[in-house]
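The next block holds one structure in the form of structure tokens; read it before the comments.
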Amino acid sequence: MTVQIAIAGVSGRMGRALIEAVAADANCVLHAAIDRPASPLLGVDPGAAWGVTSSVRVTDLPADALRGAQVLIDFTRPEASLNYLDACVNAGVPLVIGTTGFDDQGKANIAVAARHIPVVFAPNMSVGVNLLMKLAEIAAQVLEDGYDIEIIEAHHRHKIDAPSGTALGLGQAVAGAIGRDLAKCAVFGREGVTGERDPQTIGFATVRGGDIVGDHTLLFAGVGERVELTHKASSRATFAQGALRAAKWLQGRAPGLYDMRDVLNLK
Ligand code: NAP
């Protein structure tokens, strides 16, 4: 079965990764490419600049683009995503949202739209990271007593926030699995005379440098052994691959709000 895929934000970094991923996937067809009004790409073949040619031309008219599409994949900005959300509801087209940074109202709008169309909404579409979250919960339940829990993450020199959202998500997954409140037990960095480690804490350490796409290690340090769960992203292709997996999974799905754990059957 091939899936007719529309992509929003094709001028963006993720938009490009998605164009390439669709072109490389025998089960996906690029149906339409959407960019913002006044984009220099309007009317252009979206992948031509990097050798992925198609008969599709970039448009700023979502309603036109969605006609005949089986799913829209959107990695843009919240205000743009909410417009595409409305267009998908009107057209009855399933939606994959990878955009991050929605406020509560935006999230509420997505939940309302998901009563009418199926939506996968996930801040991290990497298959490996979502599996890591599940493994983290299992490990935490087994290693709750006698093991110190630390989360170490590394990202490129341009990242402006710390720790990463994924590191915090890992912390939430671990804390939730063993009944701790992350807001109370998280320790972000250590310096000077810190005293002995409190076994109830979950520590975070951050590394920044070079072009590291994103490494996360969850460490359980016990007496006589350590368990480390590590994920390393080497390119944005991992997020595009996850988005395509979500797009295929949505086919024939009932309206509802889903995340990558649903897609990967990890719930
Ligand atoms: P980017 O390179 O800045 O691309 C953003 C795209 O959205 C561009 O095509 C941009 O067009 C378009 N856009 C921005 N504002 C718009 C508007 N008002 N109307 C229509 N189009 C608009 O960003 P990126 O790195 O691709 O990331 C995009 C989003 O995906 C971010 O929210 C990022 O956090 C998220 N993300 C999520 C995952 C995940 O796994 N869920 C992974 C990576 C990134 P212009 O260039 O013309 O402004």
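No value in this document is a laboratory result; all are computed from the given coordinates. Predicted model, so just to flag it, every value in this text is computed and none were measured. Cβ sites come from the backbone with ideal geometry, for glycine too, and all protein chains shown count toward neighbours.
Placing +1 on the Cβ of each Lys and Arg and -1 on the Cβ of each Asp and Glu in the chain, which of VAL174, VAL127, GLY203 has its Cα farthest towards the positive end of the resulting dipole?
Of VAL174, VAL127, GLY203, it is VAL127.
Computed FRET efficiency, Cβ-Cβ of ASP211 and SER55, R0 35 Å: what is it to the nearest 0.05?
Computed FRET efficiency for ASP211 and SER55: 0.50.
Angle check, please: helix 13-23 long axis (alpha carbons) against the longest principal axis of the chain (alpha carbons), in degrees 0 to 90, nearest 10.
70 degrees
Using a ≥ b ≥ c from the Cα gyration tensor of region 43-201 (square roots of the eigenvalues), is it rounded, prolate or oblate, where a/c under 1.5 gives rounded and otherwise the larger of a/b and b/c decides, a/b for prolate?
Working: a/c = 2.77, a/b = 2.13, b/c = 1.30.
Prolate, because a/c is 1.5 or more and a/b exceeds b/c.
As a test of the definition: which semi-axes, in Å, follow for region 165-239 when you take the square root of five times each eigenvalue of its alpha carbon gyration tensor? Largest first, please.
24, 16, 14
So, by mean Cβ neighbours within 10 angstrom, what's the order for 152-158, 91-97, 33-39 with the highest one leading? List each step's numbers first, then the result.
On the way: 152-158: 16.7, 91-97: 24.0, 33-39: 18.3.
Top of the packing list down: 91-97, 33-39, 152-158.
Note down the nm distance, to one decimal, between modelled labels 7 Å out along Cα→Cβ at ARG115 and at ALA26.
Between ARG115 and ALA26, the label points sit 4.3 nm apart.
Relative contact order for the chain: what percent, with Cα pairs under 8 Å and sequence separation of 6 or more?
Working: 510 pairs, mean separation 54.6, N = 267.
Relative contact order for the chain comes out at 20 percent.
How big is the Kirkwood radius of region 1-98, worked out from every pair of different alpha carbons and given in Å to one decimal?
13.0 Å
Going by alpha carbons, how many degrees (0 to 90, nearest 10) lie between the helix axis of 127-142 and the longest principal axis of the chain?
30 degrees
What dipole magnitude, in Debye to the nearest 20, does region 40-147 give about its Cα centre under +1 on Lys/Arg Cβ and -1 on Asp/Glu Cβ?
Dipole size: approximately 320 debye.
Cα gyration tensor of region 112-267, axes a ≥ b ≥ c as square roots of the eigenvalues: rounded (a/c below 1.5), prolate (a/b > b/c) or oblate?
prolate
With runs of 4+ DSSP H residues as the only contributors, calculate the mean residue ellipticity of the chain at 222 nm using -39,500 (n - 2.57) per run, divided by the residue total and rounded to the nearest 500.
For the chain, the value works out to -10000 deg cm²/dmol.
Looking only at GLY210, GLY98, GLY15, which one moves most when the chain is put into a Gaussian network model with springs between Cα atoms under 10 Å?
In the Gaussian network model the winner is GLY210.
Report Rg/Rh for the chain, rounded to two decimals, where Rg is the Cα radius of gyration and Rh the Kirkwood radius.
Ratio of gyration radius to Kirkwood radius for the chain: 1.03.
What's the angle, to the nearest 10 degrees (0 to 90), between helix 104-113's Cα axis and the longest principal axis of the chain?
Approximately 50 degrees, to the nearest ten.
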